[in-house]
Amino acid sequence: MYPATEPYQSGMLDVGDGNRIYWETCGNPTGVPALALHGGPGSGCVPGMRQPFNPKKYRVVLFDQRGCGRSTPHASNPAVDLGANTTDHLIADIERLRTYLGVDRWVLAGWSWGTTLALAYAEQYPERVTALVLTAVTTTSPHEVRWITRDVGRLFPAEWSRFRDGLPEADRDGDLVAAYARLLNHPDPAVREKAARDWCEWEENHVNLGPVRRPNPQYSDPLFRMCFARLVTHYWLHGAWRAEGELLGNVSKIAHIPAALIHGRLDLSSPPDIPWQLAQRWSAAQLHIVAEAGHAAGGAMSDRGVDALDRFAEAP
């Protein structure tokens with residue numbers, strides 16, 4: 001990872017539907033343009049996302065996706081309607097930001113949900129993408145959503161039982177995402193808050209595989225919890241507004257674009273079969289399965305990402 005850098009430019013961009021997104025640029029103003037896409041949905045961009053990029057080589061753009069981070073309105077407010085917050089809206093926001101900043105083509109770097117968004121954007125605008133670095137790869141398909149909310153519970157039976165039992169008994173055998181989405185939009189603030197806590201606790205349980213539990217400090221913030229839970233359930237409920245297997249099936253549109261697919265062998269949140277299936281159809285992609293790594297962005301996972309970004313910074 002490169003030393004931390006501060007943005008040399010930042011602002012708020014009006015993207016329509018009453019939304020304004022926070023954006024920032026750092027590194028070399030004349031360097032290779034790159035866009036960093038955060039996970040979640042709803043996590044927001046953080047300073048550490050700047051560090052995989054060589055600040056002498058890259059002009060790095062980060063932004064908070066609709067409804068989260070410093071973007072407004074904030075999804076933690078239950079009065080905020082999420083109807084204009086979809087994958088297609090985010091893709092349009094990226095294009096508006098690209099045009100606003102005068103970027104012709106850029107490298108895409110995504111983490112977790114950010115890899116789904118990167119794939120969706122690249123498949124729609126392949127002429128705007130020079131390379132992709134995708135870490136903890138997902139496509140947010142209905143099949144993957146079922147895995148992360150129900151099937152993986154076989155590996156965490158006690159924790160998953162608490163997650164399931166946070167719902168009314170009548171909802172426990174049905175669509176867990178839909179049931180939590182209803183609770184997160186309940187008129188009673190106490191019901192909403194408990195649902196957000198239960199959702200984020202389950203997130204921590206299947207992501208945190210280390211021998212020592214390291215709680216995500218962001219989950220201690222009630223506004224972050226609510227925003228994160230509302231946006232994740234919103235996107236998962238709709239399968240990212242893509243049909244089952246759609247992103248995988250459209251890889252032919254980007255098969256010529258160089259890519260690095262980086263994934264932990266022990267990623268229980270998003271099993272490695274997803275990046276493996278992508279790599280089988282993506283002739284210009286290199287698949288890196290990292291031993292002993294889970295659904296994380298640090299350590300050897302970061303090393304692979306930095307190596308790929310360094311390589312793409314030198315490419316014609």
Check: Within the stretch 104-120, which residues are outside any strand (DSSP E or B) and open to solvent by 10 Å² or more (accessible area, probe 1.4 Å)?
Finding: Asp104, Arg105, Ser112
Note to self: Which count do you get for residues in the stretch 240-270 that are touching a His at 6+ places or on another chain (Cβ under 9 Å) and either surrounded by fewer than 24 Cβ atoms within 10 Å (Cβ to Cβ) or over 22 Å from Ser302 (Cβ atoms) (or both)?
What the structure shows: 6
Note to self: Given the options Glu204, Glu169, Glu144, Glu193, name the one that is modelled with pLDDT under 95 and not small (Gly, Ala, Ser).
What the structure shows: Glu204
Next item on the list: Scan Arg59, Arg96, Arg70 and give me the residue that is assigned to a loop (DSSP other than H, G, I, E, B), of a type outside the set (Asp, Glu) and in the same structural domain as Ile21 (by the TED database).
Entry: Arg70
Notebook entry, point to check: Within the stretch 45-68, which residues are under 21 Å from Cys200 (Cα atoms) and touching a Ser or Thr at 6+ places or on another chain (Cβ under 8 Å)?
Noted result: Asp64, Gln65, Cys68
Item checked: Subset of the stretch 121-154 (residues that are on the phi < 0 side of the Ramachandran plot and in a loop (DSSP other than H, G, I, E, B)) -> Tyr125, Val137, Thr138, Thr139, Ser141, Arg150
Margin query: Against the conditions (1) under 22 Å from Leu266 (Cβ atoms); (2) surrounded by 22 or more Cβ atoms within 10 Å (Cβ to Cβ), where does Gly153 fall short? Just the number, please.
Written below: (2)
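The values are calculated or read from the model by the stated rules, or taken from the named source; none is laboratory data. Predicted, not measured: the structure shown is a model, and the values here were computed from it. Cβ atoms come from the backbone with ideal geometry, glycine included; neighbour counts cover every protein chain shown. Remember, those area values only see protein heavy atoms, side chains included, never the ligands or the DNA or RNA. Shrake-Rupley method; radii C 1.70, N 1.55, O 1.52, S 1.80 Å.
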